[in-house]
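The values are calculated or read from the model by the stated rules, or taken from the named source; none is laboratory data. Not measured: the values here are computed from a predicted model. Cβ sites come from the backbone with ideal geometry, for glycine too, and all protein chains shown count toward neighbours. These accessible areas exclude ligands, DNA and RNA; they are computed on the full protein's heavy atoms, side chains included. Shrake-Rupley method; radii C 1.70, N 1.55, O 1.52, S 1.80 Å.
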Amino acid sequence: MKITKASSLVLTGAVGIAGAALLVGTLPLDGRRAPAGSGAQAPVAVPSPGAPGIGDPLVPLDGNGGYTVRRYTLDFDWRAPRTPFAAGATISATATQALSRFDLDFAGNTLHTVTVDGAPARAVREGDELVVTPARPIPDGAAFTVHVSYTADPTQQRHRDDAIGDYGWVPTADGTVLCLQPDGAKLVFPVNDHPSLRAPVTFRVTTPPELSAVAGGRLVERVRRPDGRIRWTYDSEQPVAAQLVQLAIGRFTFAEGRGPRGLPVRDAVPQDLVGGTAAYRALTPGHLEWLEQRLGPYPFRRYGVLVGDADLPVALETQSLSVLPSATLLGDRVGAERDLVHELAHQWTGNSVALRRWSDLWLSEGHARFYERLYTDAHGGPDLEDAMRSAYEQHDRWRHEDGAPAEPTGSSLFRQIRYDGSALVLYALREEVGEDTFERIERTWVTRYQGRAAGTGDFIALASEVAGRDLKPFLTPWLYGAHTPPMPGHPEWQVTPVED
């Protein structure tokens with residue numbers, strides 16, 4: 001992103017019951033046997049509730065314990081902007097413990113029914129948590145399927161007092177765009193909502209005939225129904241974190257192109273903005289080539305730009321389909337390229353290499369800002385060294401106000417320290433180890449952790465390995481200290497003192 005959670009009951013209607021219900025019972029035999037002749041019975045796990053969160057210190061209730069999601073299948077019957085519509089979510093999952101109940105992150109919207117493996121389940125809302133008690137406990141290791149039927153409300157939003165601003169469903173003149181970072185997915189569908197938790201997503205969206213639907217991944221099918229409405233099916237192709245899911249609906253034109261090695265590039269553009277945004281959108285293949293030279297092959301199967309004709313406060317790196325505000329693509333070239341390269345760089349760092357915890361956000365935003373600055377330095381934008389010196393001067397103030405790069409608070413996640421302040425950490429590392437070693441660190445980082453979640457400790461260990469020396473004493477004060485360390489190679493750089 002760039003700045004500019006033994007009864008069979010059917011639950012019907014809106015749910016607002018406080019408190020969770022625990023289904024007490026015995027776990028059915030799961031087929032395990034003790035070794036022949038041992039005379040002992042195999043232990044049977046006693047079912048217990050899954051944790052309501054995965055314990056991220058900044059957002060303890062984000063994500064859920066006791067299971068992993070294998071796939072989300074979302075069915076949306078879209079009608080009109082700001083108009084509730086029928087929706088369903090099918091969640092294929094695997095239990096990682098014997099479950100008496102489990103949580104889903106789900107906020108807003110009108111809940112109708114919940115089933116587990118086809119049997120009605122009890123569901124209770126507790127804040128942003130939907131607590132589901134199946135008719136029978138789920139054995140450890142068992143695959144199970146949850147279906148949630150609800151009425152979606154495409155006006156649902158939340159607000160942050162940082163770069164994000166308003167997020168969730170973002171209405172447009174004729175449809176919507178999703179801006180879900182950091183925890184807005186729960187406003188759209190029931191989900192395991194944490195950036196370290198990823199699963200493939202299938203969208204099946206029905207629209208009026210004059211509108212199109214676009215989502216991250218591959219268009220699998222477009223079918224006209226007997227009533228004239230169109231059903232669009234998209235597959236994310238690869239696992240995706242909830243905050244990086246994208247669905248947009250509107251009067252779009254699809255502009256097809258090719259990137260390096262024939263990579264499919266498909267932009268989705270509001271019809272009246274096709275011509276005005278064409279020149280800057282055409283730069284994407286070159287941006288892909290430039291980043292591949294530094295980070296290796298693009299990590300997904302396709303890419304594209306979604307032009308957001310709405311009041312978007314930010315551009316957003318939704319997986320394989322970045323969102324760019326229309327104003328950015330109608331402005332000056334340097335500004336447009338900064339956003340285009342920033343969101344594209346995120347596909348490697350932040351998307352393919354996911355965040356282990358939210359405190360690792362500096363690795364995502366810092367990398368994207370660093371490559372954005374590096375690119376524009378050579379393409380008519382501000383000089384990299386000048387930009388980094390300016391960031392250095394302000395670094396103590398940013399640390400004082402919003403925490404060191406790797407020590408955010410929940411309310412200060414998307415502040416300047418996580419952008420230019422974190423790019424400065426990478427610049428300092430490059431100055432310390434030299435450009436050749438730094439480039440090897442970067443390529444090794446995105447290669448080794450491709451398709452995985454990684455954190456700050458992983459980065460420090462990898463950088464030390466590649467550099468052939470322990471970089472923890474160097475990086476720790478940069479990432480966690482109260483004050484900005486001296487910049488290697490630039491003893492003349494000075495930090496502006498913080499005035500209390």
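Annotations
- Of all residues in the range 118-159, those satisfying the criterion of being closer than 18 Å to PRO49 by Cβ and either among the small types (Gly, Ala, Ser) or not in a strand (DSSP E or B) (or both) are ALA121, ALA123, GLY127, ASP128, PRO134, ALA135, ARG136, PRO137, PRO139, ASP140, GLY141, ALA142.
- Qualifying residue in the range 301-319 (condition: of a type in the set (Lys, Arg) and not in a loop (DSSP other than H, G, I, E, B)): no
- The numbered conditions (1) closer than 15 Å to LEU295 by Cβ; (2) out of contact with any Phe, Trp or Tyr (no Cβ under 6 Å at 6 or more places or on another chain) are all true for VAL446 except (2).
- Residue pairs meeting the criteria (Cβ under 9 Å; at least 6 apart or on separate chains; first under 16 Å from PRO84 (Cα atoms), in the range 176-202; second modelled with pLDDT of 95 or more and basic (Lys, Arg)): THR176/ARG82; LEU187/ARG158
- Which numbered condition ARG418 misses (of (1) over 21 Å from ALA368 (Cβ atoms); (2) at pLDDT 95 or above): (1)
- Any hit, the range 318-330, residues being over 30 Å from ALA152 (Cα atoms), open to solvent by 30 Å² or more (accessible area, probe 1.4 Å) and among the small types (Gly, Ala, Ser): no
- Taking (1) in a strand (DSSP E or B); (2) farther than 19 Å from GLY63 by Cβ in turn, ASP103 satisfies each apart from (2).
- Condition check for ASP56: part of a strand (DSSP E or B), among the charged types (D, E, K, R) and modelled with pLDDT of 95 or more: no
- Here VAL146 fulfils each of the conditions (1) more than 30 Å from VAL44 (Cα to Cα); (2) open to solvent by less than 10 Å² (accessible area, probe 1.4 Å) apart from (1).
- Considered as a group, the residues in the range 450-500 that are small (Gly, Ala, Ser), closer than 24 Å to THR409 by Cα and in contact with a Lys or Arg (Cβ under 7 Å, 6 or more places away or on another chain) include one that is most open to solvent (accessible area, probe 1.4 Å), and that residue is ALA482.
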